[in-house]
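Data first, discussion second: the structure below is written as structure tokens.
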Amino acid sequence: MKDMGALRYFLGIEVDQCKDGIFLSQRKYVMDLLKDYGMLQCKPLKLPMDSHVKLTSGEGDPMHHAEPYQKLVGKLIYLTLTRPDIAFTVHVLSKFMHQPTSIHMQAAKRVLRYLAGSPRQGILLANNSSVQLHAYCDSDWGGCASTR
């Protein structure tokens with residue numbers, strides 16, 4: 001076994017151990033996402049979703065290929081690990097994965113504009129927090145007939 005020093009990255013998540021606790025973020029991931037979609041210089045927004053727009057399946061022009069939308073929403077889902085502020089918006093966007101329209105893609109890119117304004121935001125696991133971590137596992141050892 002080899003000591004590789006303090007943890008800095010884990011599964012693409014930046015880990016910063018500071019005096020207040022452990023700060024988790026995906027700043028590099030956000031910047032790469034903005035670069036991939038040509039939005040590094042976009043005008044940032046204060047909210048990830050327009051409160052006046054109600055997304056439905058019938059609005060907008062249907063996309064001939066759903067893959068670009070599906071990839072973007074998938075990347076946003078991964079980003080919710082350290083960005084719970086976009087979780088509800090991504091939840092709404094994920095409802096249209098099977099048949100996205102131009103309106104849905106526009107709403108997904110709005111999330112990128114929101115992220116452009118706060119790429120360093122993340123989660124602080126504070127030292128002095130009263131929150132406790134509880135983990136449970138239900139390993140169904142008897143459920144598989146071929147391996148029991």
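The values are calculated or read from the model by the stated rules, or taken from the named source; none is laboratory data. All values reported here derive from a predicted model rather than from experimental measurement. Here the Cβ is made from the backbone with ideal geometry for all residues, glycine too, and neighbour counts use every protein chain on show.
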Check whether at least one residue in segment 63-71 is among the polar types (S, T, N, Q), modelled with pLDDT of 95 or more and either closer than 24 Å to LEU125 by Cβ or not in a strand (DSSP E or B) (or both), and report yes or no.
yes
Looking only at segment 109-141, count every residue that is surrounded by 14 or more Cβ atoms within 10 Å (Cβ to Cβ), of a type in the set (A, V, I, L, M, F, W, C) and not in a strand (DSSP E or B) and tell me the total.
4
The condition of being surrounded by 15 or more Cβ atoms within 10 Å (Cβ to Cβ), free of Cβ contacts under 8 Å to residues at least 60 places away in the same chain and closer than 13 Å to MET49 by Cβ holds, among ILE103, ILE77, only for ILE103
For the subset of segment 17-27 comprising residues that are outside any strand (DSSP E or B) and within 13 Å of the chain's Cα centre (by Cα), which member is farthest from GLY117 (Cα to Cα)?
GLN26
When the residues of segment 72-103 are filtered to those that are within 13 Å of the chain's Cα centre (by Cα) and assigned to a loop (DSSP other than H, G, I, E, B), which remaining residue is nearest to LEU24 (Cα to Cα)?
THR82
Condition met for SER51 (of a type in the set (Gly, Ala, Ser), surrounded by 13 or more Cβ atoms within 10 Å (Cβ to Cβ) and more than 28 Å from LEU125 (Cα to Cα)):
no
Which of the following residues is surrounded by fewer than 16 Cβ atoms within 10 Å (Cβ to Cβ) and not charged (D, E, K, R): ILE22, ILE86?
ILE22
For GLN106, indicate whether it is part of a helix (DSSP H, G or I) and polar (S, T, N, Q).
yes
